Every structure is written in C-alpha cells, then in structure tokens.
1. Give 312, 289 a once-over and let me know the one that is within 30 Å of the chain's Cα centre (by Cα) and farther than 20 Å from residue 199 by Cβ.
2. Within 27 Å of residue 121 (Cβ to Cβ) and charged (D, E, K, R): does that describe residue 207?
3. With respect to the numbered conditions (1) touching a Lys or Arg at 6+ places or on another chain (Cβ under 8 Å); (2) farther than 20 Å from residue 145 by Cα; (3) loosely packed, with under 14 Cβ neighbours inside 10 Å; (4) touching a residue at least 40 places away in the same chain (Cβ under 8 Å), which one is the sole condition not fulfilled by residue 309?
4. Any residue at all in segment 284-295 that is among the hydrophobic types (A, V, I, L, M, F, W, C), farther than 23 Å from residue 160 by Cα and buried (at least 18 other Cβ atoms within 10 Å of the Cβ)?
5. Pick out, from segment 283-373, the helices (runs of 4 or more DSSP H) lying fully within it that include 3 or more residues that are at pLDDT 95 or above and either touching a Leu at 6+ places or on another chain (Cβ under 6 Å) or not hydroxyl-bearing (Ser, Thr, Tyr) (or both).
6. Mind listing whichever residues of segment 259-282 are surrounded by fewer than 21 Cβ atoms within 10 Å (Cβ to Cβ) and part of a helix (DSSP H, G or I)?
7. Evaluate segment 89-107: report whether one residue or more is β-branched (Val, Ile, Thr), modelled with pLDDT of 95 or more and part of a loop (DSSP other than H, G, I, E, B).
8. It is to be established whether one or more residues within segment 287-305 are in contact with a Gly (Cβ under 9 Å, 6 or more places away or on another chain) and under 18 Å from residue 232 (Cβ atoms).
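The values are calculated or read from the model by the stated rules, or taken from the named source; none is laboratory data. These numbers were taken from a predicted model, which means no experiment stands behind them. Glycine gets a Cβ as well: all are built from the backbone with ideal geometry, and neighbour counts include every protein chain shown.
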Amino acid sequence: MNEVRANFLPSANIMVTGGAGFIGSCFIRYVLEHTNFSGRIINYDKLTYAGNLLNLEDINRKFGAARYVFERGDICDHARVEQVLKTYEITVIVHFAAESHVDRSIVGPKDFIETNVNGTFTLLEAARQFWKERTDVRFHHISTDEVFGSLGEEGYFFETTPYDPRSPYSASKAASDHIVRAYHHTYGMPVTISNCSNNYGPYQFPEKLIPLMILNAMEGKGLPVYGDGKNVRDWLYVDDHCEAIWLILLKGETGETYNIGGECEKKNIEIIENVCDLLEKMHPLQDNPLVKQAIPALKQYRDLVTFVKDRPGHDRRYAINCDKIKKTLGWIQKHDFETGLRDTIAWFLNNSAWVNSIRSKEYLQWIEKNYQR
C-alpha cells in the first residue's frame, strides 16, 4: 500500500477542507512550495470568521487554477461536497475544517457538534459513495491531543492512550476520530489520523494564545492569564506539523494514527513572558507610541499581564509522545521554540495589512468583548 501511495500522491487531486484557516492554508503553501507535488489542490472552505483568503492570495497568483482552486462550501452540505469530489475527481481528502476553540465550545457547543461530528460524517459518506471500493485514495483526518484529556505532572499521550475528552470541543473531535476509524474498519476506507499538539506560527487567527498576546501587547491591551498560568501545553511550529502530515500521506499505513508533537512543554505564563521579552527586543516599548501615549506609566510589556478567573474544566497538562512517527516515517521537528516564536512575532509585526483585515471583523470584536483568553 505504501508503494502505491508514494507513486500516486504527487499527481493527485487533493481536497483540503478548511484550507483558508491557519493550519490548512499553511499546509497548502507547504505542499505547493516545498514538495514534489505536481497535482492540484482544491481548497474547500466555508469562510467562517477564522477563514481568510488573504492567507493564500500569493499562492493563488503564483500557481493559478491549474494547481490551486478555491471552492466555497460547508462540509455539512452533502450535495456540495459530492459536487466538488466529482468535478475535480478528488482522490485525497485532507480534513482540517473544524470549530477549534475551547472557550467558544463551552459557551456554544452546538456549532462544534454540527461541524466537527456531522461535518466529518458527511465528508466520509460522500467520499465512500464516490470512491466506492478504491484503494488508491486517502482520507486523512487532523485531530488534537485534547481528546486524551489531562495529564498530571508526568507522563505523555501515546497513540494508544484512552480517550478522555473534557470539553465540548475535545468531545466533538474525539467523536469525529471514532467515526473516521469506524469507516476504515467497517467499509475498508483508506484513512489515517493524526493528533497534534498546540500549533503556532504565521497566519494564526488571534483568538489563540500566542497571536492574541502579540497583538494585545502591541496595542497596550491586557494580557489575560487563566488561573495561576501554570497550565502546560506542548507547542508545535506549524510548518513542522505540515511536513508531518505530508509524510503520513506519502508513507503512512492506512488505519493508523500518528501523534505529532513539538516536544516543547511550556506553561502558559512562560509563553506570555517569552512573547513580552521578545517584543522588548524586536519592538521596544519606548518605540511603540500607541502604547506609550495610552499608558505613559507602563515600563515593560510584562506589566500588561492580568490574571483572570480560570475557565471551566481547564486541563492542567498536555504532552505528546511522537516516537511512532519519528521511527516509522522519519519525521523530526526542524524548529526550536525560541526561533519559531521569534519568526512568528516578526511575521505579525511585518504583516499589518493582514492583521488589520482580521481584527476589523465584527466577530473578533465580539470575541474580545465576551471572552477572556
């Protein structure tokens, strides 16, 4: 099967769901610019608040319709999914599309069940009907380490760790993982699954921790920290994640799950302090008139840190063991955290047009009003 995939994938028609989002757009960019792929990518995205075609504006200009096509659509719309599968003769689906923010799932879980569970089912069923019993196809499902629950001070999540989701978001992703596996075992659909740790990097929507802290600090806004700030997450640079997914598509065994981690555990408060310290070097407070005029007494970005009430069910620690993908597929992280964070901050500082287009959205203003990060 691996040999078939290795010969088949480079010229495939790949449907990337959620391709206008953060990781999806970075994956499209990675495949088109850094691999031997010669086929066509069809970016299928509903364009919700977190989707932005500016993420791939340069890719669209550079590669054109022969290599890159955008199709707007909902993964819950069976007829629309079926139409795209047939029109472009899709042979590979890389499924990123998801509602992905824990805070919003706590306040409004319905959208998470609809998109993450029903949407995944719709994609699988449309693909099953279109592909029938073909084996030279692949459905790759991107999931999260949050499905495993919470760790104590020691230990790691393995591919065999029992699922123990704690939020509506993680529960919806756990359910979608199980559905994907069921389609493999019941219908023989060639599927693979990956569970990743926290991603960071360019183009990330600023409801997530790192971009939110960068942009808030640059504007002199508070840097809210849940609880004592000692919740631990494993951080993975987005390009390393994209490379891992590509290797899974090329060489991964169907029916298998692969953990993708950064092997970089950091407390939330550490992350925020790292952002503040790098900003002091890259864009010193004294050179930031917006903040100095608004808060003349402010001495350093760290002074913007504000501890807030912890969110319900806040998992204490995540940590991924990714020995399997390293040993079987030869993947390894290429970005250390300090370099990756510096590059991320530099990107946000140098792409004000993108930032302004995102932050001007009414929905983001609503998020900032209603949620603490």
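1. Details: 289 fails: within 30 Å of the chain's Cα centre (by Cα).
It is 312.
2. Values: within 27 Å of residue 121 (Cβ to Cβ): yes; charged (D, E, K, R): yes.
In short, yes.
3. Of everything listed in (1) touching a Lys or Arg at 6+ places or on another chain (Cβ under 8 Å); (2) farther than 20 Å from residue 145 by Cα; (3) loosely packed, with under 14 Cβ neighbours inside 10 Å; (4) touching a residue at least 40 places away in the same chain (Cβ under 8 Å), residue 309 misses just condition (1).
4. Restricting attention to segment 284-295, the residues satisfying the condition of being among the hydrophobic types (A, V, I, L, M, F, W, C) are 285, 290-291, 294-295.
Filter again for farther than 23 Å from residue 160 by Cα, leaving 285, 290-291, 294-295.
Still in the list and also buried (at least 18 other Cβ atoms within 10 Å of the Cβ): 285, 291.
Within segment 284-295 (the criterion being among the hydrophobic types (A, V, I, L, M, F, W, C), farther than 23 Å from residue 160 by Cα and buried (at least 18 other Cβ atoms within 10 Å of the Cβ)), the answer is yes, since at least one residue qualifies.
5. Details: elements: 289-294, 323-329, 337-350, 352-359, 362-370.
The qualifying helices (runs of 4 or more DSSP H) are 323-329, 337-350.
6. Answer for segment 259-282, where residues must be surrounded by fewer than 21 Cβ atoms within 10 Å (Cβ to Cβ) and part of a helix (DSSP H, G or I): 268, 269, 270, 273, 274, 276, 277, 278, 280, 281, 282.
7. So in segment 89-107, the residues β-branched (Val, Ile, Thr) come out as 90-94, 102, 106-107.
Of the ones still in play, those that are also modelled with pLDDT of 95 or more are 90-94.
Filter once more, keeping what is part of a loop (DSSP other than H, G, I, E, B): 90-91.
Within segment 89-107 (the criterion being β-branched (Val, Ile, Thr), modelled with pLDDT of 95 or more and part of a loop (DSSP other than H, G, I, E, B)), the answer is yes, since at least one residue qualifies.
8. Yes: one or more hits.
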